[in-house]
Amino acid sequence: MNGIITEIQHASVHDGPGLRSVVFLKGCQMRCFWCHNPETISTSPQLFFDESKCMGCGRCLGFCEAHKLSNGRHRIERAFCTSCFRCVETCFTGALSVCGRVVSVDEVMRDLAEDIPFYGESGGGVTVSGGEPGCQSDFTAEILHRCHKMKIHAALETNLAYSRAILEKLVAGCDLVMADLKHIDSQKHRAGTGHGNEQVLENLRSLTVPLILRTPIVPGFNDDAGTIRRIAEFAVKLDTLQYYELLTYHPLGCGKAERLGMEERAKPQASPTINTTDYLIKAASETGVPLFLNGRRIVK
Ligand code: SF4
Ligand code: SF4
């Protein structure tokens, strides 16, 4: 069985307990305006252009109308690109590359197997992330299932915006779910992500595996005490909750968006101030929920 991924990251400390290998899948059904992994939104391979590596040699110019060189500066007019990727092969500096590759589950498992010695020592394992792994649910379920069979701790990073049938298929081989609840108000959730939150809430209530619930704090969208308190009140009632985590927005996705020609996503949002973060921590902790901020436990 094949799927499309952007990369397999090794020794990550940000995507679940211990040292983890993280498989990043392409494809997402949400359109969060602050997305920090814009390269995983599309399900197709994409041309990635890193201008800082371009020497202006002109070798790629002959392939199609998309490449323009003027005043020593190379631009790509995406409207002319048909994603043939012939130009990538000619670029010796690595300025042009393809984001996304099709791989089989066997290839993924061979790659992950090399990290097995590190998992046990650190209490880590494998995390399937994205994008939204539910968009490639058979591929994701097979990776999680094989990890589980090999006794590798298997975690899923997900937005949970899919049917109960897909959820059951995914969690069958899963030791931990790390899920986002981006807003408690469905209309606001839809305004920020393109989807209401009804399915997300229903799936959260029905989970039977350990859960870390997270909210990315995005100024102007959900950075008010009332919203965060309501999410924390919802979280504290969930049967399998390990803890609730606040993640402050960072603009790392903007550079990647620019290199992919996604100009509409290249403009950074403001990051939350320390004051804002402090009062959101206070609002959440008043509910009694076990609380983390950016990977660190908040001690009351
Ligand atoms: S991928 Fe193909 S169509 Fe797109 S810019 Fe390169 S050569 Fe042109
Ligand atoms: S081949 Fe690569 S280095 Fe040369 S102009 Fe094209 S993008 Fe720049």
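The values are calculated or read from the model by the stated rules, or taken from the named source; none is laboratory data. Since we're looking at a predicted model, the values are computed, not measured. Neighbour counts run over all protein chains shown; Cβ positions are idealised from the backbone, glycine included. Accessible surface areas use protein heavy atoms only, side chains included; no ligands, DNA or RNA. Shrake-Rupley method; radii C 1.70, N 1.55, O 1.52, S 1.80 Å.
222 nm [θ] for the chain, helices only, -39500 (n - 2.57) per DSSP H run of 4+, per residue, to 500?
Value at 222 nm, helices only, nearest 500: -8500 deg cm²/dmol.
With contacts defined as alpha carbon pairs under 8 Å and 6 or more residues apart, what's the relative contact order of the stretch 45-195 in percent?
17 percent
Here are some pairs, Lys26/Lys267; Lys26/Lys149; Lys53/Lys149; Lys53/Lys182; Lys53/Lys169; Lys53/Lys188; which of them have Cα atoms lying more than 32 Å apart in this structure?
Flagged as over cut-off: Lys53/Lys149; Lys53/Lys182; Lys53/Lys169; Lys53/Lys188.
In nm, to one decimal, how far is the modelled label at Gln187 from the one at Ser97, with both set 7 Å along Cα→Cβ?
It is 4.4 nm.
Kindly rank 62-71, 22-31, 35-44 from highest to lowest mean number of other beta carbons found within 10 Å of each residue.
Ranking the peptides 62-71, 22-31, 35-44 by packing returns 22-31, 35-44, 62-71.
Given contacts defined as C-alpha pairs under 8 Å and at least six residues apart, what's the relative contact order of the chain, whole-number percent?
Reported relative contact order: 18 percent.
Which order do the peptides 197-210, 164-177 take when ranked by the mean count of other beta-carbon atoms within 10 Å per residue, highest first?
164-177, 197-210
Pop the C-beta distance of Arg73 and Glu233 into the FRET formula with R0 = 51 Å and round what comes out to the nearest 0.05.
0.45
Taking only protein heavy atoms and a 1.4 Å probe, what accessible area per residue, in Å², does the chain have with all protein chains in place?
Normalised by residue count, the accessible surface of the chain is 48 Å².
Note down the relative contact order for the stretch 46-99 as a percent, whole number, built from C-alpha pairs under 8 angstrom at least six residues apart.
49 percent
How much net charge surrounds Ala266 when only the other residues with a Cβ under 12 Å from the Cβ of Ala266 are counted, with Lys and Arg +1 and Asp and Glu -1?
+1
Report the rotationally averaged projected area of the chain based on its alpha-carbon convex hull, in square nanometres.
Computed as one quarter of the Cα hull surface, the answer is 16.7 nm².
Going by average Cβ density within 10 Å per residue, which order do the peptides 152-159, 78-85 take, highest to lowest?
152-159, 78-85
Given the Cα-Cα distance of Ala11 and Lys267 and 0.36 nm per residue of separation, how much length would full extension add, in nm?
89.2 nm is the gain from fully extending Ala11 to Lys267.
For Tyr119, Tyr243, write out the residues from largest to smallest accessible area, computed with a 1.4 angstrom probe and no ligands counted.
So, going from the largest accessible area down, we get Tyr243, Tyr119.
Can you send over the carbon and sulfur percentage of the accessible area for the chain, probe radius 1.4 Å, protein chains only?
Ligands and nucleic acids excluded, carbon and sulfur reach 51 percent.
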